[in-house]
Ligand SMILES: C[S@@+](CC[C@H](N)C(=O)[O-])C[C@H]1O[C@@H](n2cnc3c(N)ncnc32)[C@H](O)[C@@H]1O
């Protein structure tokens, strides 16, 4: 009986408990099965129900009996997920057959009825997994003929020729349902790692048999599809794949925590290409920085300043290899130096580079603080480009726990006296199970093993985990990000820098960019001047990406003490519209299937073109007076340089980070 009650408890757990179906069932249970299954006190801590120590041998007997009763989580998950998937159809069948009206004394809840009818009508074995004389089984089987004929009617109404076609329709409906609530959460982005394979090879192997989707929405059956012949059918059982139009070697497939088995959704974590590092799970937006940095635009080495877990590092390595193999003039091997401050995450970085086959060109500088790296060190004299993806609030991250809606049959009107089993579910075993599920669901966030299907790039902390004062936290983060960005500019041979966050807050994005431009351009312009890479100069895919920076957010007041002290820079006002156009953003709710993200690229003009996007049209008019010039002398002593100021702020941000053991975020 437990199987059905366990599955019902997992499906009915309140959303506020968090966690998707998979983690509700697998994460907690895998650590403490007996607790959930037996509900008996005492057996775990060696004490009996009254709290007294149990006699020798009794404990182990109880344990082994409890173990025998444990239902494999995979079995519970399969039942819950499949029933959820079929719930729209089955709820209709149960209602029309009036099962709950006829059996209101024996079938305590609509969820249980749904699970039992699932196994009877569409489950794998075609039978309820209970003894033949069990009350629940008998209650449902009494109505088998009526239920089967209602199922046939539903099938005919939906114009499915047989059960196989109906199954395909059910799956498509579920995909549509999930993707309509969050396209970003329902999409699995897969980067083909060109260090190990090619897109064509993967399409012919890992993704053989997939139908081409014409758009992200079409992955979920909402629009027509790219393959003309297969366009007809929502009845097609083939999974779909979308080949991204912006980032090369990137594809998307549907992702969902349920259903457990589906021909439309394949579990890529189990495929050889994933295990060997030939494909990498990486959100589309997270591919922007390396692509925008465009290693082919420079010829020297590259630094990834905040690298762990390392998806952008291996992406950089792949792009580097691609441009080296196409450019015969490149004679010397180019390097990616990957820095990571956190020692634990440094190990992940190393492992991921090894898995991606990137170690030939990537040097992992683990447990090294980028702020402490000497830009003048001989090893970095050939560094032309830097990718900076520092810790951030992670406010753009999307939880990948999309669940289909659970449709339940209508509950019958209540009986005057409570049926025995209903009472026992409310007050007895049912209650214990629910408590167990809830308590365990809370632990789930800490359970690393529960994250079976988590992307490597999905290990960020969420904003909720940031300590109490979010405003102060954001301010400290922004200062820390600015200091890292200014440090990136200070590498003598640097010509290009990308700055990215998986945050949606302007404070961490456009505002950092504007402050960085102001600060850097107050310094001597020896060797060139930093500006934003304009949209028209960006690689094709980024130029075409429609979501740009936020104009209003780029209007940043100059802070007191930051006014220009150098008469030569009187014309360095920043044009918010130009900044916004140069910046790239994405939002989880913008229907493009990606998480919230921000990236901007800076270039160092060697003097041949000073008409940078960041400099306003006022740049041409050198006579334009600065507004706060009269304050200039008073403040001269107050701020030595802008960089020194942000360095101090950054130090406190660093301290803040260390204090609470906060390790930063991945994308
Ligand atoms: C957002 S994650 C980087 C994700 C990574 N770029 C990727 O795509 O896989 C930020 C990382 O920067 C690291 N970090 C923070 N401050 C750092 C510093 N001063 N020097 C080096 N690494 C730092 C954090 O430990 C964290 O692992």
Per-residue Cβ neighbour rank within 10 angstrom, fewest leading, 101, 174, 154: 101, 154, 174
Net length gained if the chain between residue 526 and residue 74 were fully extended (0.36 nm per residue, minus Cα distance): 156.3 nm
Length added when fully stretched, residue 96-residue 471, from 0.36 nm per residue minus Cα-Cα: 129.5 nm
Rh by Kirkwood over Cα pairs, then Stokes-Einstein D for the range 72-222 at 1.306 mPa s and 10 °C, µm²/s: 89 µm²/s
Spin-label pair residue 200/residue 379, simplified geometry with 7 Å Cα→Cβ offset, distance in nm: 3.9 nm
Distance (nanometres) between label positions extended 7 Å along Cα→Cβ at residue 557 and residue 214: 5.1 nm
Sequence of 164, 94 once ranked by neighbouring C-beta atoms within 10 Å, starting from the fewest: 164, 94
Backbone N under 12 Å from the residue 148 label point (7 Å along Cα→Cβ), restricted to the range 83-108: none
Calculated FRET value between residue 591 and residue 537, using beta carbons and R₀ = 35 Å, to 0.05: 0.80
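Using a Förster distance of 30 Å, how high is the FRET efficiency between residue 269 and residue 405, based on the Cβ-Cβ distance and rounded to 0.05?
Taking R0 as 30 Å, the efficiency between residue 269 and residue 405 is 0.75.
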406, 319 arranged by Cβ crowding within 10 Å, fewest neighbours leading: 406, 319
Cα-projected label distance for residue 333 with residue 547, points at 7 Å along beta-carbon direction, nm: 3.9 nm
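The numbers here are math on the coordinates, done by the rules we state, and not lab data. Remember, it's a predicted structure, so these values are computed and weren't measured experimentally. Note that each Cβ is placed from the backbone with ideal geometry, even for glycine, and that neighbours are counted across all protein chains shown.
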